[in-house]
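Engineer: I'd like to ask some things about the structure below.
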Amino acid sequence: MILLLCLLIIDDTTNLLQELHQVEKELRKAEKSLRLNPFGRNKKQQLKQNEHFLFQLKHGYTYISGVLPTFNDWSETNSLRTVDGQKWAVQLQVLGEYITEQANKNVENYSIKKSSFDLLDLSSIPLQISIPPELESHRYQLSLYNDTLKLIDKLKAK
């Protein structure tokens, strides 16, 4: 079940990447257009804010596209305990709901012609997951190990 869900989400993230690239192209076109427009001063500020917001969304995409294979691999090993899966589901749901809420606020601000966007402030999102204290000093090494192992596996597959 988790494996199927991961595969569906991976497809969705691929679609999101395509949309992010399209938005990025449109922002570049808008920037070129504004260079030639002497009356576009206020629009340039909005464009910069949109670019920063896109930057944040791209980091979110990078995070999701990085953790999904890990969840997929973890699930395939049959060592993903139900309680761990539930904790991570809650963490990702909290994160997703917060980002969606912030994105919707930005769309509303834009539609009522406010002059500035509120950039995503993720500082108020609680971390739902913790690791045992004895592993805390190894978290970076374990993260690097896992990322390197995933890269080597991908390179072997090609």
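Engineer: Mind checking whether some residue in segment 107-117 is in a helix (DSSP H, G or I) and either at pLDDT 80 or above or farther than 30 Å from LYS25 by Cα (or both)?
Structural biologist: Scanning segment 107-117 turns up no residue that is in a helix (DSSP H, G or I) and either at pLDDT 80 or above or farther than 30 Å from LYS25 by Cα (or both).
Engineer: Something else about it: Within segment 70-79, can you find the residues that are under 16 Å from LYS150 (Cβ atoms) and not in a helix (DSSP H, G or I)?
Structural biologist: Residue satisfying the conditions is THR77 alone.
Engineer: Go through segment 2-29 and give me each residue that's aliphatic (A, V, I, L, M), modelled with pLDDT of 85 or more and over 15 Å from the mean Cα position of the chain (by Cα).
Structural biologist: Within segment 2-29, VAL23, LEU27 meet the criteria.
Engineer: Just the residues that are closer than 16 Å to THR62 by Cα and hydroxyl-bearing (Ser, Thr, Tyr), please, taken from segment 5-49.
Structural biologist: THR13, THR14
Engineer: Residues that are in contact with a Ser or Thr (Cβ under 7 Å, 6 or more places away or on another chain) and assigned to a helix (DSSP H, G or I): does segment 81-103 have at least one?
Structural biologist: no
Engineer: If I ask for residues that are surrounded by fewer than 16 Cβ atoms within 10 Å (Cβ to Cβ) and in contact (Cβ under 8 Å) with a residue 24 or more places away in the chain, which ones from segment 28-50 would you list?
Structural biologist: ASN42, GLN45
Engineer: Please specify each residue of segment 64-101 satisfying the condition of being surrounded by fewer than 15 Cβ atoms within 10 Å (Cβ to Cβ) and either farther than 16 Å from ILE129 by Cα or of a type in the set (Lys, Arg) (or both).
Structural biologist: Correct list: GLY66, GLU76, THR77, ASN78, SER79, ARG81, LYS87, GLU97, THR100, GLU101.
The values are calculated or read from the model by the stated rules, or taken from the named source; none is laboratory data. Model, not experiment: these values are computed from the prediction. Here the Cβ is made from the backbone with ideal geometry for all residues, glycine too, and neighbour counts use every protein chain on show.
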